[in-house]
2 protein chains.
Amino acid sequence: MKAIIIIFVKMVGVENLSRKEQVIRAASELFKEKGYAATSMRDLAHALGIEAASLYSHIKSKEEILQALCFEMAKRFRRSLEEVESADINFSEKLRRGILGHIRVMAEELTASAVFMNEHRHLSQPYLRDFLLMRINYINRFKKIIESGIAAGEFKKVDTKLAVMTLFSSLNWMPLWYDPSGMINPNQLGNQLADMLIDGLKTK
Amino acid sequence: MKAIIIIFVKMVGVENLSRKEQVIRAASELFKEKGYAATSMRDLAHALGIEAASLYSHIKSKEEILQALCFEMAKRFRRSLEEVESADINFSEKLRRGILGHIRVMAEELTASAVFMNEHRHLSQPYLRDFLLMRINYINRFKKIIESGIAAGEFKKVDTKLAVMTLFSSLNWMPLWYDPSGMINPNQLGNQLADMLIDGLKTK
DNA sequence: CCTACCGATCGGTAGG
DNA sequence: CCTACCGATCGGTAGG
């Protein structure tokens, strides 16, 4: 009897979680497509085949969905970079692996990545502030890799701000044009992007 | 008497135009800051110190402002590229000048550029369709320069879609981080970006 | 998860 | 450029 209750409780738990997950995923698609502000809770409810009021059994507010999305993605990106930083490799290789990791995370959650990048500004305070601090920290860690590479003589003495912003621009736009069903996989894409940025377009 | 009427008519014309310009510019700032959907006509009116209803003496609708902004910028970008295409220079130089032209246009209208890039999706049909066609055409002309450069042996055999999307990502994010009051001017910025993409980060 | 509903705000119009 | 106002829609709550 106890076992049955535990199973039942677990199932309810799972069901709640997965229903909330479903709501967040459906929202993610709509936020990507139409933008956060232009997506209504009625749009979202319609996509799930329920009434707008019913959404509030699973989430506290529209913004809570955006918060969950943005901070979950931020966490994944951070973890991916931490693995690279601790590796004992040269700076070109660190940069390459940082790029590969970022693209892998993005490819796993293409829709959420697009929202993460385009819609985070609709976070209210203090979430927006926290989010931006995390982002600038992440960018600065890539910048440090480039600076270290310059100091070590691996990279040219470029403007590091320009270099890192160019890198991030390229990375961040990808969810908007990358076709995961296409011929090129995330790893190949990452390697080609790294080649291009590190070695340039020009034949030697 | 006739002269006076003509002068009067001209002044009214200029005044209407410049007031409409003011409305579009104020809207541009708000659209960049908060996004198109999250900017209300009351926000815009407040920024101009008038009532929301008064805006409609100068513009027909909220979307008309976005249309004016987007298509004006598209026209500028197109003109800039046309000058480059007709020049008799090699493909590295064509690419470089294309980049410089794009950045110059952006730097002249930083706010409008940011809106152009981030908010065009809120255009309704058939404007959205026209806009996207113009954009794909513009991108394809850059892509052709890269393809020609590869065919001529100037560039490596990279994935041209990746190369051109990387280029555009970098260009399009600039309005969000470039500080025109900083030490680097648009020309320097363009040259450094071109150097980086064409020659790469790595020391030879 | 639903029905019924709330106050606030939206883009825009009429008429001056 | 204003006052006065419109119908539609917004995010969200009460209560079941």
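In table form, for the structure just shown:
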item	result
Flag if A:Glu109 is surrounded by 15 or more Cβ atoms within 10 Å (Cβ to Cβ), over 20 Å from B:Lys161 (Cβ atoms) and more than 13 Å from chain B (Cβ to nearest Cβ)	yes
Residue tally, condition in contact with a Lys or Arg (Cβ under 9 Å, 6 or more places away or on another chain) and either facing chain B (nearest Cβ under 7 Å) or open to solvent by 30 Å² or more (accessible area, probe 1.4 Å) (or both), over the stretch A:142-164	8
Single residue of the stretch A:116-129 satisfying the filter (assigned to a helix (DSSP H, G or I) and away from chain B (no Cβ under 13 Å)) that is nearest to the chain's Cα centre (by Cα)	A:Phe116
B:Leu176 being buried (at least 18 other Cβ atoms within 10 Å of the Cβ) and touching a residue at least 60 places away in the same chain (Cβ under 8 Å)	no
Residue check for B:Ile103: among the hydrophobic types (A, V, I, L, M, F, W, C) and either open to solvent by less than 40 Å² (accessible area, probe 1.4 Å) or in contact (Cβ under 8 Å) with a residue 40 or more places away in the chain (or both)	yes
Members of the stretch A:61-86 found to be at pLDDT 95 or above and not in a helix (DSSP H, G or I), listed by number	A:Ser61
Matching residues in the stretch B:32-49 - criterion: being surrounded by 15 or more Cβ atoms within 10 Å (Cβ to Cβ) and more than 7 Å from DNA strand C (Cβ to nearest atom)	B:Lys32, B:Lys34, B:Gly35, B:Tyr36, B:Ala37, B:Ala38, B:Leu44, B:Ala45, B:Ala47, B:Leu48
Checklist (1) free of Cβ contacts under 8 Å to residues at least 40 places away in the same chain; (2) within 12 Å of chain A (Cβ to nearest Cβ); (3) open to solvent by 50 Å² or more (accessible area, probe 1.4 Å) applied to B:Leu132, failing item	(2)
Some residue of the stretch B:41-48 being within 13 Å of the chain's Cα centre (by Cα) and either modelled with pLDDT of 95 or more or in the same structural domain as B:Ala194 (by the TED database) (or both)	no
Residues that are of a type in the set (D, E, K, R), more than 14 Å from chain B (Cβ to nearest Cβ) and either in contact with a Phe, Trp or Tyr (Cβ under 6 Å, 6 or more places away or on another chain) or free of Cβ contacts under 8 Å to residues at least 60 places away in the same chain (or both), drawn from the stretch A:26-73	A:Arg42, A:Glu51, A:Lys60, A:Glu64, A:Glu72
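The values are calculated or read from the model by the stated rules, or taken from the named source; none is laboratory data. Every value quoted in this text rests on a predicted model; they were computed, and no experiment measured them. Glycine also receives a Cβ, built like all others from the backbone with ideal geometry; neighbour counts cover every protein chain displayed. Quick note on the areas: whole protein, heavy atoms, side chains included, nothing else; ligands and nucleic acids left out. Shrake-Rupley method; radii C 1.70, N 1.55, O 1.52, S 1.80 Å.
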